[in-house]
Amino acid sequence: MATKLATSFGYTANVKSISFILAAFLLIIQAQLWLGKGSLPRGAQLREELAKAQSANEQARGRNAQIEAELRDLREGLEMVEEKARNELGMIKPDEIYVQVRR
């Protein structure tokens, strides 16, 4: 009878210690999840920062596209003005030599 009590007592002690160790691990994992470097609140904060950065990038892309369109218009406009000045007014650039050929 004494051996039965010792065996059952030892088994119960092992189960209790394993249960305690598992509970401690669970608490550590939960602490990391809520308070650690990669915690849930930090993840939410990073998602919010990402959304703000993406919004700012979209606004910058829009401004860039507008500036590119204005620049393209200015380049094409200057080329058109230069072409009209050459053809209609006979203007030349300072380094050019104008030769008129009559037929």
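The values are calculated or read from the model by the stated rules, or taken from the named source; none is laboratory data. Note that this is a predicted model, so its numbers are computed, not measured. In this analysis, Cβ positions are derived from the backbone assuming ideal geometry, glycine residues included, and neighbour counts consider all displayed protein chains.
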Members of the range 66-103 that are surrounded by fewer than 10 Cβ atoms within 10 Å (Cβ to Cβ) and not charged (D, E, K, R): Asn87, Leu89, Gly90, Pro94, Ile97, Tyr98, Val99, Gln100, Val101
Of residues in the range 25-49 being touching a helix residue (DSSP H, G or I) at 6+ places or on another chain (Cβ under 8 Å) and part of a helix (DSSP H, G or I), the one modelled with the highest pLDDT: Pro41
